[in-house]
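This report concerns only the one structure given below.
Only the coordinates and a few stated rules stand behind these numbers; no lab work does. No experiment lies behind these values; they were computed from the predicted model shown. We place every Cβ from the backbone using ideal geometry, glycine too, and count neighbours over all the protein chains shown.
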Amino acid sequence: MRTDTGQVFRLEDYRASDYRIPELEMTFRLTAEETRVTARLQVERRADATPQTPLLLDGDGLVLEALEIDGAPAAPDAYEATPDSLKITRPPQRERFTLTIVTRLAPADNKALMGLYLSNGVYCTQCEAEGFRRITYFLDRPDILSVYRVRIEARREEAPLLLSNGNPVESGDLGEGWHYAVWHDPFPKPSYLFALVAGDLSAVRDRFVTASGRTVALAIYVEHGKEERAAYAMDALKRAMRWDEERFGREYDLNVFNIVAVSDFNMGAMENKGLNIFNDKYVLADPDTATDTDFANIEAIIAHEYFHNWTGNRITCRDWFQLCLKEGLTVFRDHEFSADQRSRPVKRIAEVRTLRAHQFPEDQGPLAHPVRPRRYREINNFYTATVYEKGSEVVRMIRTVLGEDAFRAGMDLYFDRHDGQAVTIEDFLACFEEASGKDLAQFALWYHQAGTPHLAVSTRHDAESGEFVMDIEQSVPPTPSEARKRLMHIPLAFGLVGPDGRDMTYQSAEGAEVEDGVIHLRKRRHSVRFTGVRARPVVSLNRGFSAPVTLSVEQPRSDRLFLARHDSDLFSRWEALNTLFTEAAIEAAARIRGGKAAEFEADLLSMPAEIAADESLEAAYRALALTLPGESDVAREMGTNIDPDAIAAARDALRTAIGRQGQATFAEIHAALQQHGRFSPDAESAGRRALRNVLLDYLAAAGGPELAARQFQAADNMTERAAALAVLAHQFPESEQTRAALAAFEARYRDNPLVLDKWFTVQATVPGQGTVDRVRALMAHPAFSLTNPNRVRALIGAFASFNQTGFHRADGEGYRFVADTVLAVEAHNPQVAARLAVSFRAWRSLEPGRREEARKALAAIAGQKQLSRDLRDIVERTLA
Ligand code: PHE
Ligand code: ZN
């Protein structure tokens with residue numbers, strides 16, 4: 001493990017390298033215990049660098065076997081080698097020279113899953129962000145672009161399949177059971193996009209003809225016997241390829257495009273040029289084993305990695321501070337793709353729920369950082385919701401500010417101007433400024449300043465003069481190391497909803513730039529004055545979630561109820577209802593803490609049945625509208641002094657009250673939505689299942705476990721089976737029906753680890769005191785493994801992130817358990833351990849007793865002598 005040296009990397013310290021490596025030839029001779037890597041680097045000194053400048057290459061835990069300079073063994077005093085660096089102290093006084101570096105690796109021992117490792121007997125690599133230096137010494141930074149030629153040698157029996165980036169050029173036999181293949185990638189790329197796969201896998205093949213008529217051979221490689229479960233991923237890939245041509249004018253550029261599914265993977269997937277490597281969770285799906293959410297995730301991630309081919313690979317990042325340049329932009333692109341493939345409003349609501357669940361707490365806690373950070377100790381810890389999700393929101397706002405046409409012109413200019421380069425956010429923004437003629441200087445703060453801006457809004461109406469005034473004040477809360485904030489450019493979409501539910505028109509608007517239904521806030525305070533407004537409008541704000549801000553609107557509750565029924569913007573309509581639910585839960589939690597019973601307004605309790613029966617709304621939309629805010633959503637809105645038990649009790653009471661009130665309607669719709677005929681993963685069918693499952697949750701709260709038990713038994717697809725199992729396990733953990741369903745599920749999927757993950761998660765998220773012991777016991781289950789990241793996330797991650805009453809057990813046992821497990825994972829996989837430790841980030845917002853217990857658990861981690869850079873960075877920032 002690479003322990004922490006305390007070194008901090010700063011954006012302002014960026015310097016271009018004195019050396020380039022335009023070409024690289026690698027030979028891998030693969031065995032599990034002793035792989036030999038020969039790397040031949042063509043090195044070029046930059047014209048303006050001094051000839052004596054030493055060449056310092058990155059390494060990470062490497063064993064150097066041999067080193068040649070221009071084909072001759074390097075003299076002992078010509079270099080200094082350690083496991084973590086190779087310094088050519090006296091480089092040849094020529095502009096160009098070659099370095100031949102031989103390193104020895106042990107893929108079988110690599111449990112950190114960075115560099116070259118074995119996953120279920122398959123050799124594979126993961127190089128982003130700094131994994132290439134675990135394979136050979138290199139200038140392992142994204143602004144060094146090289147053309148790769150890769151030769152792979154392996155025992156044919158062990159690895160009949162040999163893959164790398166680019167196009168295949170040669171293959172053949174080597175005798176004694178060995179064979180080889182050579183790959184050539186004509187596109188210069190940074191080392192983080194290098195990939196190699198070797199193993200015994202099955203191919204699912206297809207082809208794609210690009211807009212200009214080139215045929216691309218597509219393949220998805222999976223373990224034998226799983227071919228049919230890759231069909232949906234292949235279909236999604238072809239749709240993504242077509243969509244990128246149509247929406248962004250981007251064609252694929254190699255003769256082959258390969259995807260490999262592996263079972264041990266730290267993240268979701270990786271966009272290596274021409275050879276995407278996926279966590280198999282995001283490839284494998286069929287109706288019996290995958291939920292509709294799994295299908296949607298596969299579609300989105302297949303598209304995301306494919307879209308990286310242009311946003312990330314053809315144009316890459318100058319340095320890791322620019323990570324959002326590829327990630328935020330590519331998330332924006334995959335969001336747009338999914339919105340086009342499915343339902344735009346439903347997709348938007350889902351995006352906002354994710355943003356609030358993952359990015360808002362980050363922005364409001366100790367780990368807050370700008371979309372483009374200025375400093376880091378460990379870059380792995382910056383693959384965050386802020387870089388990805390808020391980064392996508394910022395691109396979306398650029399489109400709102402510029403309009404569709406200028407936005408597309410800016411993207412075209414970006415592709416045109418920077419193809420083949422490693423660039424910065426400034427380069428990106430300049431393209432939009434030029435294409436639109438607009439000044440984005442203030443807007444750029446969205447990249448540079450952390451924290452979620454807040455808008456406080458109050459309104460006045462004068463019927464006599466027909467004037468409607470909106471007073472809006474912006475503030476950005478302080479975040480670590482950024483005490484004072486500058487004012488931002490916030491595009492706030494709005495509508496003035498009239499008594500008939502339609503949007504009202506107005507004569508003029510003053511006090512801010514108002515254009516196409518968007519108010520452009522640029523100052524601390526704006527008084528926006530609308531004239532020609534006779535009737536009192538109900539104001540609908542941040543329509544479509546035009547800006548990632550928090551909002552407090554002085555508005556009577558009756559206005560919110562009105563918007564929840566009538567807002568023509570479906571996002572805001574959902575938002576109004578969601579706010580009402582959240583406020584009701586907060587009030588109920590306060591009563592419960594005060595020893596009183598929860599109480600709810602009748603007009604709120606009757607709304608869900610109205611919505612459930614409203615056939616003018618898509619089923620998927622109705623399902624989202626009926627989904628109560630989660631316990632952590634309620635906690636986030638409460639802000640401080642959080643008591644998770646009171647919140648859980650309040651939310652349960654609300655669910656039961658709604659269930660009782662709507663019981664008859666819900667039961668009727670639940671029955672009517674029963675599907676007949678063949679399963680289809682399309683959005684409409686998925687929407688009906690989603691609605692049916694939300695209704696089941698209410699019906700169970702009101703009426704007991706029988707209906708859920710019946711749905712579990714009757715289900716012919718995983719979406720309905722898993723939902724019924726969750727209702728049983730979470731609402732009736734002690735019931736006979738639950739015990740039977742859990743046992744049946746386990747027996748049915750005993751040999752399918754990905755499906756068994758659902759079984760681990762559902763048990764890890766059973767509310768209450770007892771779950772921590774249950775999770776401990778499940779760690780001994782034969783299917784569980786601390787070295788597989790999917791297993792760790794399914795059991796421990798789910799417990800720490802999604803079980804508010806279990807993790808936050810008042811006596812601190814949940815915290816101690818997670819802290820111990822973090823350390824157990826840390827021993828072999830620092831990246832996964834650091835991610836798990838992030839679950840402590842909201843500790844300061846807890847009530848004092850829990851706060852102290854959480855602090856002690858964190859301090860116990862921090863007190864360890866030897867910690868990885870990854871984990872030390874997270875715990876120290878969390879405690880700071
Ligand atoms: N670049 C990957 C993606 O977003 C994520 C990733 C990062 C995967 C680091 C592995 C390691 O598509
Ligand atoms: Zn990405």
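Structural remarks
- Dipole orientation for segment 316-448: of the candidates PHE321, ALA435, ALA409, PHE321 has the Cα lying most toward the positive pole (charges on Cβ; Lys, Arg +1; Asp, Glu -1).
- Bridge type composition, the chain - antiparallel percent by DSSP, nearest 5: 80
- Charge dipole of the chain (Cα centre as origin; +1 on each Lys and Arg Cβ, -1 on each Asp and Glu Cβ, all else neutral): 1200 debye, rounded to the nearest 20.
- About the Cα centre, charge dipole magnitude for segment 229-310 (Lys/Arg +1, Asp/Glu -1 at Cβ), debye: 180
- Positive-end extreme of charge dipole, the chain - chosen from ALA657, THR878, VAL394 (charges on Cβ): THR878
- Positive-end extreme of charge dipole, the chain - chosen from LEU41, ALA357, PRO782 (charges on Cβ): ALA357
- Cross-link pairs exceeding 18 Å between alpha carbons, from the set LYS87/LYS111; LYS281/LYS758; LYS87/LYS189; LYS226/LYS273; LYS326/LYS390: LYS87/LYS111; LYS87/LYS189; LYS226/LYS273.
- Segment 283-355 versus segment 641-682: alpha-carbon centroid distance in Å: 28
- Convex hull volume per residue in cubic angstrom - Cα atoms of segment 752-880: 87
- Residues ALA671 and HIS448, FRET efficiency given R0 of 45 Å [Cβ-Cβ distance, rounded to 0.05]: 0.25
- Neighbour-count ranking [beta-carbon atoms within 10 angstrom, fewest first] of HIS454, HIS224: HIS224, HIS454
- Spread of Cα-to-Cα distances over 10 Å intervals beginning at zero, given as percent, for segment 1-200: 9, 35, 36, 17, 3, 0
- Segment 846-870 and segment 216-251 have their alpha-carbon centroids 44 Å apart.
- Of all DSSP beta bridges confined to segment 194-337, the antiparallel ones make up roughly 50%.
- In the chain, helices alone account for a calculated mean residue ellipticity at 222 nm of -12000 deg cm²/dmol, with every DSSP H run of four or more residues adding -39,500 (n - 2.57).
- Residue order, fewest to most surrounding Cβ atoms within 10 angstrom, among ILE144, ILE861: ILE144, ILE861
- When TRP183, TRP843 are arranged by Cβ crowding within 10 Å, least crowded first, meaning fewest neighbours, the order is TRP843, TRP183.
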